[in-house]
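The values are calculated or read from the model by the stated rules, or taken from the named source; none is laboratory data. All values derive from a computational prediction rather than experimental measurement. Heads up, the Cβs are rebuilt from the backbone with ideal geometry, glycines too, and the neighbour counts pull from every protein chain shown.
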Amino acid sequence: MSESSDEYGVGFISPRKITFGPKLGEGSFGEVFKGEWKRYQNGAPYYTDIAIKIVRDQTLIDNAWDEAHKMNELDHQNILMIYGVCNHPDDAAPWMIMEYMPCGDLWNYLYNRPQGCPSDWMWSIAQGIASGMDYLHNDANQIHGDLAARNCLLGHNDSVKIGDFGKFNDNYSNDYCYGAGGGGNLPFPMRWMPPENVAPAFTYPYKPKFSKAGDVWAYGVVLFEIWTRATTPYDDLTDDQVRATLAAGNNPYHFTNVLACNFIRGLMDHCWTRNVNDRTDFAEIVERFGN
Ligand SMILES: Nc1ncnc2c1ncn2[C@@H]1O[C@H](COP(=O)(O)OP(=O)(O)O)[C@@H](O)[C@H]1O
Ligand SMILES: [Mg+2]
């Protein structure tokens, strides 16, 4: 597939085989471009559509390598695939070469369809994300830490893949809250996080917590995003108010009327169970969907 690989098995792709296309998305720390990768089969060239993610902030190069290594270990139909990494001589940051998802991210997709999406499509997206997360937690034993509609990518029909395994670097900067962390001011997605991982008041330095149970809570918020057509959780509240309302025992449901059937509303409730030990997990969610 590629010429060589690093000690984690991530393949290196020569920059000569990569052509850049238009920008697909931009983050506070990086950019994602569409591109083409020239490959050969039996001596004949062919081209594969790719997404190229480049971290611009040099302090995040380690995060980019982490993300590439994490993604390289994963193999599931609902997890975005990485083809390899391209080391350009003029750029210290690795270019992450990933499969291209033609329908973009789930948040934009929902936001651009204010008339709503077909119910069976929404179900199948929700189900696909649950299976990807079940694989991530129970087969790969990884935490995502930033599960949200903006980080789920769509293919044709009803295919969905979870992406953005480099937590914190995101282009939806208003979705992120800045706390003073030991390693600098990294933003974190408080509106997608459970009460037990968000301190009621910030003490400095503050480091947010991430956990599998936190990913389950975030999945409930993704269901909320799907069934409210991309509404921001706690839309009218400031970050300080969100912190307070979480501590007071509320969840996004408390503020927005979610028009979903009992099954989906029940699923959100299970994801938003306050007691972590009673909260559902992805194996159970997949089972509820009847996989
Ligand atoms: N593989 C892909 N195919 C198509 N679009 C993508 C792909 N990866 C990312 N994007 C677009 O770029 C945006 C940012 O990508 P993401 O991986 O979330 O980067 P960041 O770390 O900056 O948040 C996504 O929300 C999506 O719109
Ligand atoms: Mg992102």
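Data table
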item	result
Residue that is without any contact (Cβ under 8 Å) to a residue 24 or more places away in the chain and among the small types (Gly, Ala, Ser), where the choices are Ala213, Ala248, Ala260, Ala283	Ala248
Number of the exception - Asn174 against (1) at pLDDT 75 or above; (2) in a helix (DSSP H, G or I); (3) of a type outside the set (Asp, Glu)	(1)
Residue selected from region 260-291 under the condition within 21 Å of Met190 (Cα to Cα) and of a type in the set (A, V, I, L, M), by the criterion surrounded by the fewest Cβ atoms within 10 Å (Cβ to Cβ)	Val276
Among residues of region 238-259, those that are surrounded by 18 or more Cβ atoms within 10 Å (Cβ to Cβ) and part of a loop (DSSP other than H, G, I, E, B), counted	1
Residue satisfying condition, being of a type outside the set (Gly, Ala, Ser), away from ligand 1 (no atom under 15 Å from the Cβ) and more than 15 Å from Lys161 (Cβ to Cβ), within set Asn42, Asn63	Asn42
Set Ile129, Ile79: member being out of contact with any Asp or Glu (no Cβ under 9 Å at 6 or more places or on another chain), among the hydrophobic types (A, V, I, L, M, F, W, C) and assigned by TED's automatic domain parsing to the domain that holds Val258	Ile129
Among the candidates Lys23, Lys53, residue that is assigned to a strand (DSSP E or B), under 25 Å from Asn108 (Cα atoms) and without any contact (Cβ under 8 Å) to a residue 12 or more places away in the chain	Lys23
Condition check for Phe210: under 15 Å from Pro194 (Cα atoms), under 18 Å from the mean Cα position of the chain (by Cα) and assigned to a loop (DSSP other than H, G, I, E, B)	yes
